[in-house]
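Just below is one structure, and these are the notes that go with it.
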Amino acid sequence: MAVTSLGYVRLNSPDIAAWRRFGEDFMGMMRVDGNDPDSLYFRLDEYPARIVVTPAAEPSLGALGFEVMHARDLAAVVRDVEAEGIKVTAGTAPECAERRVTGFARFDDPAGNAVELFYGPILDHVLINTPLVSGFVTGDMGLGHVIVSAEDVPTAFDFYERVLGFVERNTAGPTYFMGCNPRHHSFGLAPKPGPGSMLHLMVEMASIDDVGRALDRAGELEVPMMNTLGKHTNDQMLSFYVYSPELYAVECGWEGLRVETAVPTYGITEGALWGHKFTPPPR
């Protein structure tokens, strides 16, 4: 009765054209049609769109979509969330159809980040086609990982651990990294004043060559670099970071650590074993 993976991320963006170029031409995701003709839908694997970008006047997180096993688990987690005094709204039939899921419910976490719990993705069985990338690592580990902000990190951490069932993997100062499947971390919390917001998204590519070619494309397309190629200390991911059109940190990684059994949590004092030299965002 807990979250099993990060299923999808929904973003609101004032620059859909920039996201079309970023998602398709740089990241190599498969753009597909969806129920909303104004939004962008990107597939990474056999699931419905893992990333959806909708036009908006200001950039914001539309929702983090966390998967649960089935209707019974959704009902149980919803009861647990409501017991915390948090208002939960059931997804309507048209909203389920737009997301291509059997059922979902939405609420805001204690930091104000929009969350959707869903079950039963509707698979259309159209072969995934990502010619720029040999594949993305998803399967039992879901989309990848995200980090969002919270003004009160301990309270938000308690909610995700105690209510949604995430496991603390490690800390880096006041930042928490949390898992819900063999991926080292699917979710993270970092301190920031004000309402919660999207900070970081990671997708894992199938080969080191995929990462290298994405690095080449970033240069060719003039995608602004955030962190040079490097290797993390916690999840052992070899990766680089760029800035999204809204200046989120987007990481393209390879061969992240799988955590197959329960292990003690730990703290880290350095984020990278090597590399990941930082560049400030463009003006």
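The values are calculated or read from the model by the stated rules, or taken from the named source; none is laboratory data. In this text, all values refer to a predicted model and were calculated from it rather than measured experimentally. Every residue, glycine as well, gets a Cβ built from its backbone with ideal geometry; the counts of neighbours run over all protein chains shown.
Is it the case that region 25-48 has a residue that's in a helix (DSSP H, G or I) and of a type outside the set (Gly, Ala, Ser)?
Quick first cut of region 25-48, residues in a helix (DSSP H, G or I) only: 25-26.
Still in the running and of a type outside the set (Gly, Ala, Ser): 25-26.
Checking region 25-48: at least one residue is in a helix (DSSP H, G or I) and of a type outside the set (Gly, Ala, Ser).
The rows are residues; the columns are (1) polar (S, T, N, Q); (2) in a helix (DSSP H, G or I); (3) under 18 Å from Gly112 (Cβ atoms).
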| site | (1), (2), (3) |
| --- | --- |
| Val146 | no, no, yes |
| Phe157 | no, yes, yes |
| Arg162 | no, yes, no |
| Thr171 | yes, no, no |
| Pro193 | no, no, yes |
| Leu199 | no, no, yes |
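Filtering region 249-283 to residues that are in contact with a Leu (Cβ under 7 Å, 6 or more places away or on another chain) and more than 30 Å from Ser60 (Cβ to Cβ) leaves Glu255, Gly275.
So that you can scan it fast, the table gives a plain yes or no per residue for (1) assigned by TED's automatic domain parsing to the domain that holds Cys180; (2) touching a residue at least 60 places away in the same chain (Cβ under 8 Å); (3) acidic (Asp, Glu):
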site: Asp209; (1), (2), (3): yes, yes, yes
site: Gly212; (1), (2), (3): yes, no, no
site: Glu222; (1), (2), (3): yes, no, yes
site: Met226; (1), (2), (3): yes, no, no
site: Met237; (1), (2), (3): yes, no, no
site: Cys252; (1), (2), (3): yes, yes, no
site: Thr265; (1), (2), (3): yes, yes, no
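Number of residues in region 30-53 that are crowded, with 18+ Cβ neighbours inside 10 Å and more than 12 Å from Gly7 (Cβ to Cβ): the value is 8.
Is at least one residue of region 117-138 within 21 Å of Val263 (Cβ to Cβ), within 16 Å of the chain's Cα centre (by Cα) and among the aromatic types (Phe, Trp, Tyr)? Scanning region 117-138, I find no residue that is within 21 Å of Val263 (Cβ to Cβ), within 16 Å of the chain's Cα centre (by Cα) and among the aromatic types (Phe, Trp, Tyr), so the answer is no.
The set of residues in region 184-227 that are closer than 19 Å to Gly144 by Cα and of a type in the set (Val, Ile, Thr) comprises Val203, Ile208, Val211.
How many residues are in contact with a Lys or Arg (Cβ under 8 Å, 6 or more places away or on another chain) and either hydroxyl-bearing (Ser, Thr, Tyr) or at positive phi (or both) if we restrict to region 173-191? Explain how you work it out, then say what you get.
So the first thing to find is which residues in region 173-191 are in contact with a Lys or Arg (Cβ under 8 Å, 6 or more places away or on another chain), and the list is 177-179, 182-185.
Okay, now just the ones that are also either hydroxyl-bearing (Ser, Thr, Tyr) or at positive phi (or both), so none.
Final tally of qualifying residues: 0.
The residue pairs whose first member lies in region 62-75 and is in contact (Cβ under 8 Å) with a residue 24 or more places away in the chain, whose second member is in a strand (DSSP E or B) and basic (Lys, Arg), and whose beta carbons are closer than 6 Å, counting only pairs six or more residues apart or on different chains, are Gly62/Arg10; Ala63/Arg10. Residues in region 29-73 that are hydrophobic (A, V, I, L, M, F, W, C) and over 20 Å from the mean Cα position of the chain (by Cα): Ala57, Ala71. Taking region 49-83 as the range and being part of a loop (DSSP other than H, G, I, E, B) and aliphatic (A, V, I, L, M) as the test, the residues that pass are Ala49, Ala56, Ala57, Val68, Met69, Ala83.
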